[in-house]
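Bear in mind these aren't lab numbers, they're just calculated from the coordinates by the rules spelled out. Computed from a prediction, not measured in an experiment: that's the story for all the values here. Heads up, the Cβs are rebuilt from the backbone with ideal geometry, glycines too, and the neighbour counts pull from every protein chain shown.
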Amino acid sequence: MSAFTLPSLRYQLNELEPVIDALTMDKHYNKHHQAYIDNLNKALNDNPNNSSLVNIFKNSSGELDNPAVRNNGGGHYNHELYWDILSPISIVSKTNSTDLPVVQKMISQFESVDSVKLQFETAGLGRFGSGWAWVCVDNTTKDLKICSTPNQDNPLMNLPGIEQGTPIIGIDVWEHAYYLKYQNLRKDYLQAVWSLLDWNRINDRYVAAIK
Ligand code: MN3
């Protein structure tokens, strides 16, 4: 398997200000995410294979049994998704999202996007310790689901206790994602970071997941 590398961002580290400060972005992207990638490559070099990360996640009796692959593979996948679905407010404000299929789906299933946001906040606040909050597409019904996972697990992982689905929104609720600016106020961070969501990116993931 070729080595995983840090994905480039579509924005500068200071462009998510004031919601996410540049120092948090620098440490989170250049240090935390890079460390997951380095440790994932090391773990897979110790046990070479030709599977994609998604295939590793879905194969419960394979490399996922190795905690180094589970934690660092999840760490890499989750952060790549997180960076991808965020964008600077100056860009977000230009996006008219009401006609997007994912927004239509949220309204038809939950009555409003605000209702999704509220349930998402509850999921993120309810996750004790470190983890992630998710909006997923159910693989069978194609309905939306809101959940959270511990540590660097994600809904693609075929593991006991993990609600299965294809993630379209994933927000990091580890303290390293928000503590410098929000300290212990995880709720304030969750509410603020929602304003950075790039609905075109989320819609692309939704459209792919319902096929
Ligand atoms: Mn993180």
Seminar exercise, completed: Compactness check, the stretch 139-190: C-alpha Rg relative to the 2.2 N^0.38 Å globular estimate gives 1.34
Problem set entry | Proximal lysines to K142, defined as alpha-carbon separation beneath 17 angstrom and excluding residues fewer than eight positions away on the same chain | K105, K211
Exercise. What is the fewest-to-most order of T140, T149 by other Cβ atoms lying within 10 Å of their Cβ?
Worked result: T140, T149
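Using the reciprocal of the averaged 1/r over all distinct C-alpha pairs, how large is the Kirkwood radius of the stretch 100-189 in Å? If you can, show how the numbers build up before the last one.
Details: mean 1/r = 0.0735 Å⁻¹.
Over the stretch 100-189, the inverse of the mean reciprocal pair distance is 13.6 Å.
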Exercise. Once the mean 1/r over all distinct Cα pairs of the chain is inverted, what Kirkwood radius in angstroms do you read off?
Worked result: 17.6
Exercise. Anyone know which of P160, P88, P18 comes out most mobile in the 10 Å Cα GNM of the chain?
Worked result: P160
Seminar exercise, completed: Computed ³J(HN,Hα) along the stretch 152-160: with the Karplus parameters 6.51/-1.76/1.60, θ = phi - 60°, integer Hz and x for glycine or proline, the list is 10, 5, 8, x, 7, 6, 7, 10, x
Seminar exercise, completed: Burial-style ranking of 122-129, 196-203, average other-beta-carbon count within 10 Å with highest first, yields 196-203, 122-129
